[in-house]
Amino acid sequence: MTAISYDTCLETQGVRIPYVPAIITPKIEKVMRNNRYEGGEAKTLRAVLEPGDRVLELGAGVGLCSTIAAHAAGVERVVAIEANPDLIPMIRETHRLNDAERVDLRNAVATVGAVGPMDFYLRHDFWASSMEPDSRPYERVVQVPAVDINTVIAELRPTVIVCDIEGGELPLFTNPALDLGGVRLVLLELHPKVFGEEGMARITGTLAARGFYVTEDSRADSSVQLFARREGVMAPPEGSLMPPRAVRDWAALSTPASDPAAKTAARTAPDAASPTGKSKAQTKAAAKTATVAEPTPPAGPRILIGTCMKDEGPYILEWIAWHRAMGVTDIVVFTNDCTDGTAELLDHLQDRGLVTHLPNPALATGATAFQPIALNYLHHMRVFREADFVISMDVDEFVNVKPGAGRFADLFAATGPFDALSISEVNHGCNDHEAFARGWLTEMFPRHETLAPGRHRCRRGVKTITRPSVRLAKIRNHRPDFLAAAKPVLWLDGSGRYLPVLQAEPDENGIDVRGSYDLVTLDHFPLRSMQGFFMKMLRGDVVVAKKSVSQRYWRVRNRNEHTSSKLNPAQLAAAKAFHAAQFESDPALMALHEACCAFHEKRIAEIADWPEIAERRDWILEHAWSGAPGAKTEAADQDAE
């Protein structure tokens, strides 16, 4: 590097800077002389650095922040990485002028994993030079050596990272492989003009998933934000239904449990008295005498499903087997007014440690908003407090992960960290099945609506898997609510794309699904067979009491034209293996399942001649069966649903 020539110095933030007009342009000179250059970073660094800290600076500028860090009392070491080769002599001179020559200055681009030369775009204003060519015109391109930041981190073991790299923070801090294990503070200058709202959401959301939250004294309107690692239990802010909960780093969610037996015991303990009235001693005795093996919880994150059911007995075991096999660890089922044996079957599964079964809390109040009340109650349960991910969904909905073996772990590996991921539904029609029959829904009803609707029919419902945190206000059936101060949050769709619409519109429960099916679908079997649909009519709506199931409900969902939403074959095999090992080997459970199926068959025969059932059957066959003349024209109603 060539030596620099200058006649005078500027002093800003208590640091002497050599005044080199070729580098310090009039615009920056004015800011420096007014003592406003990097004022936020300088003030914050002086306030937060502690004895024993080791500082890694990415983007050294003219050497101001690294000089401040080098002079902080007790700071052990400072490493500064600057990509712009023209600034290296300037930074060294700043360090010399301020007796900060112990700073380890390196000319390189910091990346995760990549090494070797990379293009760097130099601009007239040194502070605008960057790794990307598009945000502003540039004067020339230079090749700069790249270093793996994790190698530097392993060497330095930094406790504080300071970063101002003109948008380069986006690929760096959104990479879950970035090693932040020993870091307590990250001081970032963010550049939304380079990467927009989505970039802001991805950086703040990924850091939150790693346990780093913006400190309270960071100004919301400032581009400089201090992220502090939160450890232990965090209390939720005012206005949130979230319980106090332990902070977990996304990177640790795949770590196997150290004591699977203890984890199983914790999971299988019910949160409330058994709906059957059995004592804890009776429940333990039943578990001891069971002839089947207890389920082994999968290592990794706690994934909770909350759901409401009423008279769903024939369909429960397949649904539980499917989701337990893909990594769901906890299922809480709220029921009300069941007559088909659903409650008894769920009680048996609770005794086995496979679900938590509770009466819907709305029953105690006389209210009829069964689902909203149940989901509000879910927030107060221990199983919710300990969950890493939560989703509210129904027994006719199957999460279908496309990558890998179809497990949630494969989905999380494909998407990376998120606050919420909304999965778009794919409605499966009755597939010309008139009669109720035993069997796997996922095999009997393969045909469904298109995955590529036109723009007038592209809005469909979603269900959302949410990562609970102090950014969250509450879980709802289709989507969560986040605190206003947390926005923008990292909300993705089923293709891993940024999804701003749901956080902008709190009353919206659906999205434009075009292009949203690449990684995961919510395969929805709302009708099953025609006779199964009649039982749904008889039962009524599980969400709100006395809400009927209309003709239009059938008409817009009976779509049977496509088979492109293939269920992941590895996941289907895993679900069947789970079913065989955990359910089919339990005679008492299978007897309860058979009783539910027999009830439905008997009830279907009893209602067959009811005028409203006969009328609905005739209407379906004439107007909304697969080959009915009016079936295709009625599809126009889908976008209004």
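The values are calculated or read from the model by the stated rules, or taken from the named source; none is laboratory data. As the structure is a prediction and not an experimental result, all values here were calculated from the model. Every residue, glycine among them, receives a Cβ derived from its backbone with ideal geometry; neighbour counts consider all protein chains shown. Just the protein is used for accessible areas: all its heavy atoms, side chains included, with ligands, DNA and RNA removed. Shrake-Rupley method; radii C 1.70, N 1.55, O 1.52, S 1.80 Å.
Within a straight-line Cα-Cα reach of under 12 Å, Lys487 can be paired with the following aspartates and glutamates, leaving aside sequence neighbours fewer than 8 residues apart in one chain: Glu197, Glu198, Asp419. In a fully extended conformation the segment linking Arg385 and Ile4 would gain 131.3 nm over its present Cα-Cα distance, using 0.36 nm per residue.
Of the accessible area of the range 342-476, computed with a 1.4 Å probe over protein heavy atoms only, carbon and sulfur atoms account for 54 percent. Annotation: amide H-H contacts under 5 Å for Ala80 (H modelled 1.01 Å from N, sequence separation of 5 or more, or interchain): Glu57, Asp104, Leu105, Arg106. A Förster distance of 51 Å, applied to the separation of the beta-carbon atoms of Arg552 and Met234, puts the FRET efficiency at 0.65. In plain terms, the bigger the Kirkwood radius, the slower the diffusion; for the chain, with that radius from Cα pairs, at 20 °C and 1.002 mPa s, Stokes-Einstein puts D at 78 µm²/s. Overall size of the range 538-619 from C-alpha positions, given as principal axis extents largest first: 43, 36, 26 Å.
Listed by chain and number, the aspartates and glutamates whose alpha-carbon sits under 14 Å from that of Lys602, ignoring those within fewer than 8 places in the same chain, are Asp311, Asp340, Glu594.
Mind checking the per residue accessible area of the chain for me, 1.4 Å probe, whole number of Å²?
Heavy-atom SASA per residue in the chain reads 41 Å².
Amide H contacts for Glu11 (H built 1.01 Å from N in the peptide plane; partners 5 or more residues away or on another chain; cut-off under 5 Å): Ile17. The mean sequence separation of alpha-carbon pairs under 8 Å and at least six residues apart, normalised by the residue count of the chain, gives a relative contact order of 11 percent.
Label separation (Arg497 vs Ala598): 5.2 nm, computed from points 7 Å beyond Cα along the C-beta direction. For the chain, the 222 nm mean residue ellipticity estimated from helices alone, with every DSSP H stretch of n ≥ 4 adding -39500 (n - 2.57) and the total spread over all residues, rounds to -9000 deg cm²/dmol.
Simple spin-label estimate for Glu443 and Thr365 gives 4.3 nm between the two label positions (7 Å along the Cα-to-Cβ direction from each Cα).
Taken along the Cα-to-beta-carbon direction at a fixed 7 Å, the label points for Gln143 and Arg157 span 3.7 nm.
For the range 376-415, just say rounded, prolate or oblate: build the C-alpha gyration tensor, square-root its eigenvalues into a ≥ b ≥ c, call rounded for a/c under 1.5, and beyond that prolate if a/b exceeds b/c, oblate if not. Don't jump to the answer; show the numbers that get you there.
Values: a/c = 3.79, a/b = 1.71, b/c = 2.22.
The shape class here is oblate.
Accessible area ranking (1.4 Å probe, heavy atoms, ligands and nucleic acids excluded), largest first, for Trp554, Trp440: Trp440, Trp554. Legend: distances between Cα atoms for Lys310/Lys463; Lys43/Lys474; Lys310/Lys576; Lys30/Lys193; pairs beyond 26 Å are Lys43/Lys474.
Remark: the His478-Thr339 segment gains 47.3 nm on full extension, using 0.36 nm per residue and subtracting the alpha carbon distance. Restricting the calculation to Cα atoms, the range 155-219 shows an Rg/Rh of 0.94 when the hydrodynamic-style radius is the Kirkwood one. Residues in the range 184-194 carry Karplus couplings, in order, of 9, 9, 10, 9, 10, 9, 8, 10, x, 5, 8 Hz; the curve used is 6.51 cos²θ - 1.76 cosθ + 1.60 with θ = phi - 60°, and Gly or Pro positions show x. Backbone amide hydrogens, once placed in the peptide plane, bring Thr335 within less than 5 Å of Met309, Leu358, Asn360, excluding anything fewer than 5 places away on its chain. Per residue, the convex hull spanned by the alpha carbons of the range 72-185 comes to 112 Å³. The aspartates and glutamates within cross-link reach of Lys27, meaning a Cα-to-Cα straight distance under 13 Å and a gap of 8 or more places when in the same chain, are Asp125.
Apply 1/(1 + (r/R0)^6) to the Cβ-Cβ distance of Asp179 and Asp507, taking R0 = 35 Å, and write down the FRET efficiency to the nearest 0.05. The calculated FRET efficiency here is 0.30.
Taking all Cα pairs closer than 8 Å and separated by 6 or more residues, the relative contact order of the range 482-602 comes to 14 percent. Full extension of the segment from Glu50 to Ala73, taken as 0.36 nm per residue of separation minus the current Cα-Cα distance, would add 7.6 nm. Would you work out if the range 289-446 is rounded, prolate or oblate? Take a ≥ b ≥ c from the square roots of the eigenvalues of the alpha-carbon gyration tensor; rounded if a/c is under 1.5, else prolate when a/b is larger than b/c, oblate otherwise. Rounded.
Averaging Cα coordinates gives a centre for the range 216-237 and one for the range 1-40; these two points are 31 Å apart. With all protein chains in place and a 1.4 Å probe, the accessible surface of the range 189-245 carries 49 percent carbon and sulfur. Run the accessible area of the range 29-79 with a 1.4 Å probe and give the carbon-and-sulfur part as a rounded percent. The C+S portion of the solvent-accessible surface of the range 29-79 is 47 percent. Applying 1/(1 + (r/R0)^6) with R0 = 51 Å to the Cβ-Cβ distance of Arg617 and Glu197 gives a FRET efficiency near 0.50.
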